[in-house]
Amino acid sequence: MAKRLRTMGPERIETPVAVIGLGRFGSALALELQALGHEVLGIDLDSEHVQQYAPLLTRTVTADSTSADAMRELGVDTFERVVVAIGVDLEASILTVSMLKEIGVAEIWAKAMSDSHGRILTQLGVDHVIFPEKDMGKRIAHSVGGDQLDYIEIDEGFAMAKTIAAPSFVGKSLTELAIRREYGVIVVATAEGDVNYMPATPDTVIGEGECLIVAGPKDKLETFSRVQ
Ligand code: ATP
């Protein structure tokens with residue numbers, strides 16, 4: 001069966017994941033997990049969403065995730081990892097999470113629409129609370145701001161960014177530029193244009209218009225991205 005991707009190689013079997021809620025966020029997450037080789041069970045109350053993703057996921061089912069009986073029947077209690085991608089319906093999100101705890105799911109990921117929603121999910125014992133809109137807004141601000149092409153926050157103070165090499169760097173190696181000492185950040189990878197990224201070494205010489213992947217404290221990254 002083409003959709004069963006579990007046997008990607010003899011040495012690695014990806015963990016099956018149940019994704020509850022196949023809205024824009026849940027469906028994108030489910031499809032990416034499937035592409036990564038996980039078996040994915042997609043659950044949604046809306047049968048149109050279920051039909052839409054049925055050909056693309058290992059299994060899809062129309063069901064109400066607030067019902068413990070329905071979830072047990074589907075074997076959700078046997079999944080090690082479950083993602084609750086319900087945001088707008090706060091009650092459904094909270095009831096689903098508390099039911100998943102009750103039936104003994106080991107690792108729960110859940111989407112939150114607000115800080116207070118996130119706090120409740122944490123209090124209920126959700127292992128990973130995700131704020132997709134907030135996180136994406138923060139990330140895009142760095143591109144809109146103009147100095148960074150992409151940006152991922154690793155934690156409160158540390159991030160990774162994609163930026164264009166400053167003209168003053170061109171023709172010099174990373175050793176010559178002493179970027180870590182001068183700017184307090186590390187160049188992780190470089191690419192001509194925005195394709196074929198290569199891990200950076202001390203001998204990497206920066207070419208004109210190259211893209212750099214840089215990691216470091218957020219304030220230092222901002223300063224580095226503005227160097228001309
Ligand atoms: P997104 O921004 O991801 O598109 P959305 O706007 O579709 O989300 P959400 O409330 O976050 O709205 O719901 C995500 C999905 O969860 C929807 O497809 C919805 O049908 C489904 N859903 C809501 N309640 C339940 C429930 N009790 N059981 C199963 N699925 C549910």
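The values are calculated or read from the model by the stated rules, or taken from the named source; none is laboratory data. All values reported here derive from a predicted model rather than from experimental measurement. Glycine also receives a Cβ, built like all others from the backbone with ideal geometry; neighbour counts cover every protein chain displayed. Please note that ligands, DNA and RNA were not included when accessible areas were found on the heavy atoms of the full protein model with its side chains. Shrake-Rupley method; radii C 1.70, N 1.55, O 1.52, S 1.80 Å.
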Those residues of region 149-174 which are under 12 Å from ALA215 (Cα atoms), more than 17 Å from the chain's Cα centre (by Cα) and buried (at least 16 other Cβ atoms within 10 Å of the Cβ), in sequence order: THR163
Go through GLU102, GLU192, GLU156 for me and flag whichever is modelled with pLDDT of 90 or more and over 14 Å from PHE224 (Cβ atoms). GLU102
With the first residue restricted to region 22-47 and required to be assigned by TED's automatic domain parsing to the domain that holds ALA68, and the second required to be part of a helix (DSSP H, G or I) and within 6 Å of the ligand (Cβ to nearest atom), Cβ contacts under 6 Å at 6 or more apart or on different chains are LEU22/HIS49
So ARG72 fits all but one of (1) outside any helix (DSSP H, G or I); (2) away from the ligand (no atom under 14 Å from the Cβ); what number is the exception? (1)
Could you please find all residues in region 59-69 being within 13 Å of the ligand (Cβ to nearest atom), assigned to a strand (DSSP E or B) and open to solvent by 50 Å² or more (accessible area, probe 1.4 Å)? THR62
If you go through region 75-88, how many residues are open to solvent by 40 Å² or more (accessible area, probe 1.4 Å) and more than 6 Å from the ligand (Cβ to nearest atom)? 4
Scanning region 89-137 for residues that are closer than 28 Å to ASP150 by Cβ and near the ligand (Cβ under 10 Å from one of its atoms), which turns out nearest to the chain's Cα centre (by Cα)? PRO132
